[in-house]
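Below: the structure, in structure tokens.
The values are calculated or read from the model by the stated rules, or taken from the named source; none is laboratory data. Keep in mind that this is a model prediction, so the values were computed, not measured. Every residue, glycine as well, gets a Cβ built from its backbone with ideal geometry; the counts of neighbours run over all protein chains shown.
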Amino acid sequence: MNRIFIICLGLVLSNWALAVDKVAPTHKDVSYGPHERHNLNFWQVDSDTPLGILIQIHGGGWIGGKKADTQHQNVFEKGYHTASINYPLVSKGDIQPAMAHAAARAVQFIRYKAEEWNIDPSRIMLTGSSAGAASSMWLATHDDMANPDSEDPIARLSTRVAGAHVGGGQTTLDPFLIEERIGSEAIKHGMLFKPFGVESIDELKNGWEGNYREFSNEYTALKHLSKDDPPLFLRYKDAVFPARDMGHGIHHGIFGLILKERADEVGAQVYLQIGQDVTAEKPLHVFVNSILINE
């Protein structure tokens, strides 16, 4: 009887500890733009001086998913603020550029709130996995999208960031390149065609030259990467060829290799980790801290 009581007490305490570790946002469901899914959560760290911020963009193939509603307690020990954003989705009737432009708008909004929220606007970093990684890399490599003539003060601000660290992200959406480099399983995923208003991968491929090449390539880091872009840290589980299934393929390490190859050509800073192998002597935490807290 005592043994059962001890086990039950242990489970209660364990669950209580997990609950305590989860922290609600300082500011919840803050609107950053006109779309109903233009909203974010923000966790603020107390500081006498402005701090950098890590903005998380959720995954889900640009089709589904949602922003984080809690963070681990140690978020307040890292020395920088964090935010997590929602954005328009295919499942809600949207297509590109709604998803990509939402990420840009969120960065502009964060800059707009910099003084109020004690943010250092020169230290904005993006992070995410899968589609969140794709959006992060796209925005980090894209030229500044600020519109200095806009009547909207938020739209007048810069979309440029100081860096990004991402996991399992798609660096290209070209179905022919993906099939060649990663395998036929990888092109079965709806992320490659649904965000562009296409019903199937065959429809995308058949209309590639006439309709979809420019549209699809526009929302990839491979299209925009240049020497003057901020550093990127890419993480993948493996690069085993060919991809064994759709889920493996759409998050495949060869996506990282493709961007790393381009980075080496143009002189951009891309750090690639596949499994435990890193192409530069810079662990992830060192990379993040060097940008967000200048360590």
Filtered residues of the stretch 171-198 (kept if farther than 21 Å from Val270 by Cβ, assigned to a helix (DSSP H, G or I) and not acidic (Asp, Glu)): Pro175, Phe176, Ser184, Ile187, Lys188, Gly190, Met191, Leu192, Lys194, Pro195, Phe196
Looking at the stretch 24-125, what strands (runs of 3 or more DSSP E) fall wholly within it and have at least 2 residues that are over 13 Å from the mean Cα position of the chain (by Cα) and hydrophobic (A, V, I, L, M, F, W, C)? 39-43, 51-57
Test: Glu203 is at pLDDT 95 or above, farther than 19 Å from Ile85 by Cβ, in contact with a helix residue (DSSP H, G or I) (Cβ under 8 Å, 6 or more places away or on another chain) and part of a helix (DSSP H, G or I): no
Kindly indicate whether any position in the stretch 140-148 is touching a residue at least 12 places away in the same chain (Cβ under 8 Å) and buried (at least 24 other Cβ atoms within 10 Å of the Cβ). yes
Answer yes or no: is there a residue in the stretch 64-85 that is over 17 Å from Lys28 (Cα atoms), of a type in the set (A, V, I, L, M, F, W, C) and buried (at least 18 other Cβ atoms within 10 Å of the Cβ). no
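This table checks each residue for (1) within 24 Å of Ile124 (Cα to Cα); (2) at pLDDT 95 or above.
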site	(1), (2)
Leu232	yes, yes
Lys237	no, yes
Val240	no, yes
Gly247	no, yes
Lys260	yes, yes
Asp277	no, no
Pro283	yes, no
Val286	yes, no
Output the number of the condition that Ile250 fails; it satisfies all remaining conditions of (1) touching a His at 6+ places or on another chain (Cβ under 9 Å); (2) buried (at least 20 other Cβ atoms within 10 Å of the Cβ); (3) of a type outside the set (Gly, Ala, Ser); (4) farther than 26 Å from Leu204 by Cα. (4)
Hey, does the stretch 158-170 have a residue that's over 20 Å from the mean Cα position of the chain (by Cα) and not in a strand (DSSP E or B)? no
Residues of the stretch 240-269 satisfying the condition of being under 17 Å from Leu173 (Cβ atoms) and part of a loop (DSSP other than H, G, I, E, B): Ala243, His251, His252
Only one residue in Tyr212, Tyr271 is touching a strand residue (DSSP E or B) at 6+ places or on another chain (Cβ under 8 Å), farther than 21 Å from Gly64 by Cβ and not polar (S, T, N, Q), so which one is that? Tyr271
Being closer than 29 Å to Ala106 by Cβ and either in a loop (DSSP other than H, G, I, E, B) or modelled with pLDDT of 55 or more (or both) is the filter here, so list the residues in the stretch 1-23 that pass it. Asp21, Lys22, Val23
Is it the case, given these coordinates, that Gly128 is within 14 Å of the chain's Cα centre (by Cα), at pLDDT 95 or above and buried (at least 17 other Cβ atoms within 10 Å of the Cβ)? yes
Looking only at the stretch 149-203, count every residue that is crowded, with 22+ Cβ neighbours inside 10 Å and small (Gly, Ala, Ser) and tell me the total. 5
Which listed residue is of a type in the set (S, T, N, Q), surrounded by 14 or more Cβ atoms within 10 Å (Cβ to Cβ) and either touching a residue at least 12 places away in the same chain (Cβ under 8 Å) or farther than 23 Å from Ala100 by Cα (or both), from Ser216, Ser226: Ser216
